[in-house]
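Colleague: Here it is, the structure in full.
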Amino acid sequence: MADDGVELLRAARRERRAIPQLSDSMSLDLESAYEVQRAQRADFGDLIGWKLGVTSRGKQQQVGVDAPIYGFLAAEHVLDVGEPLDTSRHISPRCEPEIVFVMGQHLAGAHVTATEVLAATAGVAVGIEVLDSRYTDYRFTMPDVVADNASAGRYVVGSPVPLAGIDLRLVGVVLEHNGDVVATASGAASLGHPAAAVAWLVRALAAHDEGLRAGDVILSGGLTAAVPVTAGDVVVATIDRLGSLELAVR
Ligand code: 0L1
Ligand code: MG
């Protein structure tokens with residue numbers, strides 16, 4: 001059954017066409033959903049890093065879960081700085097601001113802490129994640145979205161800055177859409193501390209004998225609600241101390 005899920009999601013991605021959530025037609029729990037996600041990694045080549053999702057307590061309560069989820073990132077997810085987002089490559093893109101970690105050292109283990117994450121981090125940067133769901137009308141359960149690689153679409157990252165002296169809980173975040181401020185937050189929106197979210201990821205990966213490598217890019221979790229975008233839009237994410245990033249949508 002999980003194989004069917006892999007094929008359905010693979011076809012949806014290839015044909016850029018939304019499908020009904022997998023759980024409508026097959027039994028799917030979080031464990032089998034991560035298997036469906038892992039099976040799709042082979043389509044993407046070398047991994048560049050990872051993304052966290054559902055990291056805010058508000059979002060977790062909304063969807064009735066008490067833990068985040070993760071997905072993988074590969075070359076096909078990358079948008080260069082200044083490169084417009086081509087909506088024809090996506091189904092229903094939405095943008096959210098992220099604090100992005102660039103790892104300086106390998107980090108793995110079932111008991112890794114946020115302190116260890118900070119010690120292993122080379123730098124942090126402002127990012128914009130473009131979420132895209134392969135499910136009709138963004139209707140899914142948590143296992144469905146895990147199987148769909150946590151709605152990974154594209155992402156763009158600014159220049160990393162050193163962590164020294166930055167309290168990532170306190171940095172202010174502003175999301176602008178077509179010149180209007182549509183959402184604000186602080187870094188603590190992601191699991192109380194973005195490094196705690198990354199530590200959760202490392203511990204979750206340890207269950208599959210995986211970890212973070214030096215150079216890996218980690219999207220530590222959306223800090224505001226995501227804004228839907230269409231051609232002609234411009235999104236700007238600004239994070240205090242980390243900088244500002246603009247994404248044009250075509
Ligand atoms: O990055 C994320 O927060 C993924 C969340 C998955 C649910 C959604 O697509 O909103
Ligand atoms: Mg995100």
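Colleague: Suppose we filter Ala67, Ala33, Ala11, Ala39 for residues that are under 17 Å from Asp144 (Cα atoms), within 16 Å of ligand 1 (Cβ to nearest atom) and surrounded by fewer than 18 Cβ atoms within 10 Å (Cβ to Cβ); which single one remains? So that I can check it myself, show each step before the final result.
Modeller: Numbers: Ala33 fails: surrounded by fewer than 18 Cβ atoms within 10 Å (Cβ to Cβ); Ala11 fails: within 16 Å of ligand 1 (Cβ to nearest atom); Ala39 fails: within 16 Å of ligand 1 (Cβ to nearest atom).
The unique qualifying residue is Ala67.
Colleague: Tell me, please, whether a residue that is under 25 Å from Ala248 (Cα atoms) and away from ligand 1 (no atom under 14 Å from the Cβ) can be found in the range 136-152.
Modeller: No, that holds for no residue.
Colleague: Then there is this: Check the range 34-41 and report whether any residue there is at pLDDT 95 or above, farther than 23 Å from Leu205 by Cα and small (Gly, Ala, Ser). It would help to see each step written out before you state the result.
Modeller: Start the filter on the range 34-41 by keeping residues that are at pLDDT 95 or above, which leaves 34-41.
Then drop every residue that is not farther than 23 Å from Leu205 by Cα, which leaves none.
Scanning the range 34-41, I find no residue that is at pLDDT 95 or above, farther than 23 Å from Leu205 by Cα and small (Gly, Ala, Ser), so the answer is no.
Colleague: Can you find even one residue in the range 104-118 that is within 16 Å of ligand 1 (Cβ to nearest atom) and either of a type in the set (A, V, I, L, M) or on the phi > 0 side of the Ramachandran plot (or both)? Quick ask: steps written out before the conclusion?
Modeller: Kept after step one, since they are within 16 Å of ligand 1 (Cβ to nearest atom), are these residues of the range 104-118: none.
Looking through the range 104-118, none of the residues is within 16 Å of ligand 1 (Cβ to nearest atom) and either of a type in the set (A, V, I, L, M) or on the phi > 0 side of the Ramachandran plot (or both).
Colleague: Check whether at least one residue in the range 215-229 is more than 16 Å from ligand 1 (Cβ to nearest atom) and farther than 17 Å from Ile99 by Cβ, and report yes or no.
Modeller: Step one: list which residues in the range 215-229 are more than 16 Å from ligand 1 (Cβ to nearest atom), which gives 215-216.
Next, from what is left, pick out any that are farther than 17 Å from Ile99 by Cβ: 215.
Yes, the conditions are met somewhere in the range 215-229.
Colleague: Please go through the range 51-78 and give me each residue that is more than 11 Å from ligand 2 (Cβ to nearest atom) and modelled with pLDDT of 95 or more, ordered by number. Write out each step before concluding.
Modeller: Our first condition is that a residue be more than 11 Å from ligand 2 (Cβ to nearest atom); within the range 51-78, this holds for 57-58, 60-67, 72, 74-78.
Of everything in the range 51-78, those that are more than 11 Å from ligand 2 (Cβ to nearest atom) and modelled with pLDDT of 95 or more turn out to be Phe72, Ala74, Ala75, Glu76, His77, Val78.
Colleague: Moving on. Provide a single number: the residues in the range 19-62 that are within 17 Å of the chain's Cα centre (by Cα) and hydroxyl-bearing (Ser, Thr, Tyr).
Modeller: 3
Colleague: Another one. Determine whether the range 86-109 contains at least one residue that is polar (S, T, N, Q), in contact with a Pro (Cβ under 8 Å, 6 or more places away or on another chain) and either within 13 Å of ligand 2 (Cβ to nearest atom) or modelled with pLDDT of 95 or more (or both). Let's see the steps before the verdict.
Modeller: To start, the set of residues in the range 86-109 that are polar (S, T, N, Q) comprises 87-88, 92, 105.
From what is left, the residues that are in contact with a Pro (Cβ under 8 Å, 6 or more places away or on another chain) are 87, 92.
This time we only want the ones that are either within 13 Å of ligand 2 (Cβ to nearest atom) or modelled with pLDDT of 95 or more (or both), so: 87.
Among the residues of the range 86-109, at least one is polar (S, T, N, Q), in contact with a Pro (Cβ under 8 Å, 6 or more places away or on another chain) and either within 13 Å of ligand 2 (Cβ to nearest atom) or modelled with pLDDT of 95 or more (or both), which makes the answer yes.
Colleague: Are there any pairs with C-beta distances below 8 angstrom linking a residue in the range 231-246 that is farther than 15 Å from Ala183 by Cα to a residue that is assigned to a loop (DSSP other than H, G, I, E, B) and among the hydroxyl-bearing types (Ser, Thr, Tyr), with the two at least 6 apart or on different chains, and if so which?
Modeller: Correct list of pairs: Gly243/Ser159.
The values are calculated or read from the model by the stated rules, or taken from the named source; none is laboratory data. The shown structure was predicted, so the numbers you read here are calculated from the model rather than taken from an experiment. No Cβ is skipped: glycine too gets one built from the backbone with ideal geometry, and neighbour counts run over all protein chains shown.
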